[in-house]
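The values are calculated or read from the model by the stated rules, or taken from the named source; none is laboratory data. Note that the structure is predicted; figures quoted are calculated from it, not measured. No Cβ is skipped: glycine too gets one built from the backbone with ideal geometry, and neighbour counts run over all protein chains shown.
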Amino acid sequence: MMENRPDKLQDTLRMVQEILTDNKKDLRSLLYKDIIVNALNCKRDELDILDLKVISRAVAEFRHAACVFKPYRMVRKVSMFGSARVSRRSRYYELAVKLGRLLVENGFMVITGAAEGIMRAGIEGAGPQNSFGVNILLPFEKGPTSIIRDDPKVIKFKYFFTRKIFFVMEADAIALFPGGFGTHDEGFEVLTLLQTGKAPPMPVVLMELPGEGYWESWNQFIRKQLLGRRFISPEDLSFYKIIHSAEEAADWIRSYYSTYHSMRQVGDQLVIRLEKELPDNHVIKLNESFRDLVESGEIVKTPALDAEKDEPALLSKPRIAFKYSRKSAGRLNEMVLMINQLGQTI
């Protein structure tokens, strides 16, 4: 909530007037103005008090979380999900500790729900200095686990929906350990966003101890009921991988970004930024294998486009680009996997 001190209120009013009367046409200025106008429209629409409370709290949570993550945006992160009921004597706890440690050794930070069980284990392995805690306020929980409780990278959310945004928006990979309703909710949320193209491609690892069958049983259901009834497509299975060791998981996540770096839609062009340039024969191979993803023309090498100048740290990276048909995010993920496979031969 905004402080009611007269000096703070006057500063805020001056800032609002400056934004609304500013004639700048850059995107940042336009977005500032749009946010204020939407807030004022809440009064015009005479929304109910409950609506106003939800809007106010959601915006405040989003703003605070964005401020916490902002200084770390150039560091890749892995969101780790799993049951809070896993004891510290569990082999899954040990597995999560080891994965957290290996991820940090490979240059990643870790995001967890900051509670007990798998979440505490991930933080223990990564260390609080390399961890973010996106905690949810629940009446039956005591708040963040003691290992990270006082860390400035802990964010306390009232709403699950704002919390979920940051679990996915700030992540470059997802690690799912066995868990209950919440774990499956978060896992299906991620898979839905990947399948619909609402989230950029990223690796999703399903962590399972050898012989346990937790995710293997889940995978059988997915293949028999979802794929078997054509509720999903075969390429959608590429979004996740069942893995049985921390070493394999860390290696798979690292390898996903070995040649592929990131992608960005620029006008009608999908630009894929790379860690190293692909030879011409590899680009030909991509054109042959993924013709269905190209609306017109072909996949070509390209320098950074003018619209990408707002990301100066990425301007020197080699690129390929094409007019994306948007028909299948699963196929696009398969393209990323092939780019990394081809990159191993360079």
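Quick check on my filter: what residues within segment 192-218 are touching a residue at least 24 places away in the same chain (Cβ under 8 Å) and among the polar types (S, T, N, Q)?
Across segment 192-218, the qualifying residues are Gln195, Thr196.
Is it the case that some residue within segment 44-66 is at pLDDT 95 or above, touching a strand residue (DSSP E or B) at 6+ places or on another chain (Cβ under 6 Å) and surrounded by 10 or more Cβ atoms within 10 Å (Cβ to Cβ)?
Yes - at least one qualifying residue is present in segment 44-66.
Out of Arg254, Arg331, Arg291, Arg326, which single residue is among the charged types (D, E, K, R) and touching a helix residue (DSSP H, G or I) at 6+ places or on another chain (Cβ under 6 Å)?
Selected residue: Arg331, the only one of Arg254, Arg331, Arg291, Arg326 that is among the charged types (D, E, K, R) and touching a helix residue (DSSP H, G or I) at 6+ places or on another chain (Cβ under 6 Å).
Being under 20 Å from Ala173 (Cα atoms), modelled with pLDDT of 95 or more, among the charged types (D, E, K, R) and surrounded by 17 or more Cβ atoms within 10 Å (Cβ to Cβ) narrows it down to one residue among Glu208, Glu275; which is it?
Result: Glu208 is the single residue among Glu208, Glu275 that is under 20 Å from Ala173 (Cα atoms), modelled with pLDDT of 95 or more, among the charged types (D, E, K, R) and surrounded by 17 or more Cβ atoms within 10 Å (Cβ to Cβ).
For segment 142-160, check the following and say yes or no: at least one residue is of a type in the set (S, T, N, Q), in the same structural domain as Ile243 (by TED's automatic domain parsing) and surrounded by fewer than 19 Cβ atoms within 10 Å (Cβ to Cβ).
Yes, some residue in segment 142-160 is of a type in the set (S, T, N, Q), in the same structural domain as Ile243 (by TED's automatic domain parsing) and surrounded by fewer than 19 Cβ atoms within 10 Å (Cβ to Cβ).
The conditions are (1) touching a residue at least 24 places away in the same chain (Cβ under 8 Å); (2) surrounded by fewer than 19 Cβ atoms within 10 Å (Cβ to Cβ); (3) of a type in the set (Phe, Trp, Tyr), and Phe221 fails exactly one of them. Which is it?
In the conditions (1) touching a residue at least 24 places away in the same chain (Cβ under 8 Å); (2) surrounded by fewer than 19 Cβ atoms within 10 Å (Cβ to Cβ); (3) of a type in the set (Phe, Trp, Tyr), Phe221 misses (1) alone.
Before we move on, is Ile123 assigned by TED's automatic domain parsing to the domain that holds Gly179 and free of Cβ contacts under 8 Å to residues at least 40 places away in the same chain?
Spelling it out, Ile123 is indeed assigned by TED's automatic domain parsing to the domain that holds Gly179 and free of Cβ contacts under 8 Å to residues at least 40 places away in the same chain.
So how many residues does segment 5-36 have that are in a helix (DSSP H, G or I) and either charged (D, E, K, R) or more than 30 Å from Asp310 (Cα to Cα) (or both)?
11
So how many residues does segment 77-98 have that are surrounded by 14 or more Cβ atoms within 10 Å (Cβ to Cβ) and either under 30 Å from Ser258 (Cβ atoms) or not assigned by TED's automatic domain parsing to the domain that holds Phe157 (or both)?
Total satisfying the criteria: 13.
Would you check if there is a residue in segment 63-76 being in contact with a Phe, Trp or Tyr (Cβ under 6 Å, 6 or more places away or on another chain), under 27 Å from Gly133 (Cα atoms) and either in a loop (DSSP other than H, G, I, E, B) or not assigned by TED's automatic domain parsing to the domain that holds Lys309 (or both)?
yes
Which of the residues that make up segment 315-336 are modelled with pLDDT of 95 or more and surrounded by fewer than 17 Cβ atoms within 10 Å (Cβ to Cβ)?
Residues satisfying the conditions are Leu315, Ser316, Lys323, Ser325.
On the basis of being more than 28 Å from Glu311 (Cα to Cα), in contact (Cβ under 8 Å) with a residue 12 or more places away in the chain and in contact with a strand residue (DSSP E or B) (Cβ under 9 Å, 6 or more places away or on another chain), does Leu102 make the cut?
no
State all residues of segment 37-62 that are of a type in the set (A, V, I, L, M) and not in a loop (DSSP other than H, G, I, E, B); if no residue qualifies, say none.
Answer for segment 37-62, where residues must be of a type in the set (A, V, I, L, M) and not in a loop (DSSP other than H, G, I, E, B): Val37, Ala39, Leu40, Ile49, Leu50, Leu52, Val54, Ile55, Ala58, Val59, Ala60.
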